[in-house]
Amino acid sequence: RTGYSFEGWYTLASGGSKVTTSTKVTLTSDHTLYAHWTANNYTVTLNVNGGSVDPTTMSVTYNSTYGSLPTPTKAGYVFLWWFIEGTEPDEKVEDSTVVTTPNDHLLQCGTRPLWSSTQQEEVSAQHR
């Protein structure tokens, strides 16, 4: 099962007793065993492309949200959003995004340059 570790077979879907090789079967009728799984934790590295961020890594749990993502800084740039390395930059990763990458991965920092006052005046003049 992608993103999960098998914990073993149990007598109930939730809780129950773990069945091992030393478990003695006392039931004489058919019975059902239930697989129990635990979501894996992965390390996410935050790449700010020459900027700074704290922390630079974080632990996330598969099929849970990323949680509180830090806001990076980079002189001369505005932070836009995070995205997973190898995906389209417009595929935003936000605090509420569910972790679906089943391994350690890298979040890239999406930024755009700050406009100088000269660039802003040129754009304003074009739109008059």
Legend entry - Karplus (6.51, -1.76, 1.60) ³J(HN,Hα), θ = phi - 60°, over the stretch 5-14, in Hz, Gly and Pro reported as x: 10, 6, 9, x, 9, 10, 7, 10, 4, 10
Inset, instruction - Can you sort Trp9, Trp37 by 1.4 Å-probe accessible area, starting with the largest? - result: Trp9, Trp37
Inset, instruction - Pick out which of Asp104, Asp30, Asp90 has the largest mean-square fluctuation in a Gaussian network model of the chain, springs linking Cα atoms closer than 10 Å. - result: Asp30
Inset, instruction - Quick one: accessible surface of Glu91, probe radius 1.4 Å, all protein chains present, in square angstrom to the nearest 10. - result: 100
Legend entry - Per residue accessible area in Å² of the chain, where ligands, DNA and RNA are left out and the probe is 1.4 Å: 69
Legend entry - Magnitude of the charge dipole, the chain, Cβ model with Lys/Arg +1 and Asp/Glu -1, debye to 20: 360
Inset, instruction - Could you list which residues have their amide H under 5 Å from that of Asp104, counting only those 5 or more apart in sequence or on another chain, with H placed in the peptide plane? - result: Thr43
Inset, instruction - Rounded to whole Hz and in sequence order, give me ³J(HN,Hα) for the stretch 88-102 from the Karplus expression 6.51 cos²θ - 1.76 cosθ + 1.60, θ = phi - 60°, writing x for Gly and Pro. - result: 5, x, 8, 8, 5, 10, 10, 3, 8, 5, 7, 6, 10, 8, x
Inset, instruction - Using only protein heavy atoms and a 1.4 Å probe, report how much of Ser5 is accessible, in Å² to the nearest 10. - result: 50
Inset, instruction - Please find the FRET efficiency linking His31 to Glu7, where r is the Cβ-Cβ separation and R0 is fixed at 22 Å, and quote it to the nearest 0.05. - result: 0.70
Inset, instruction - Let me have the relative contact order for the chain, percent, based on Cα pairs under 8 Å that are six or more residues apart. - result: 24
Legend entry - Using a Förster distance of 35 Å, the FRET efficiency for Ser14-Asn49 (Cβ separation, nearest 0.05): 0.20
Inset, instruction - Determine the relative contact order of the stretch 41-106: mean sequence separation of Cα pairs under 8 Å and six or more apart, normalised by residue count, in whole percent. - result: 40
Legend entry - Acute angle (nearest 10 degrees) that the helix 117-126 long axis makes with the longest principal axis of the chain, alpha-carbon atoms: 80
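The values are calculated or read from the model by the stated rules, or taken from the named source; none is laboratory data. Not measured: the values here are computed from a predicted model. In this analysis, Cβ positions are derived from the backbone assuming ideal geometry, glycine residues included, and neighbour counts consider all displayed protein chains. Each accessible area value is taken on the protein alone, full model and side chains, heavy atoms only, with ligands, DNA and RNA left out. Shrake-Rupley method; radii C 1.70, N 1.55, O 1.52, S 1.80 Å.
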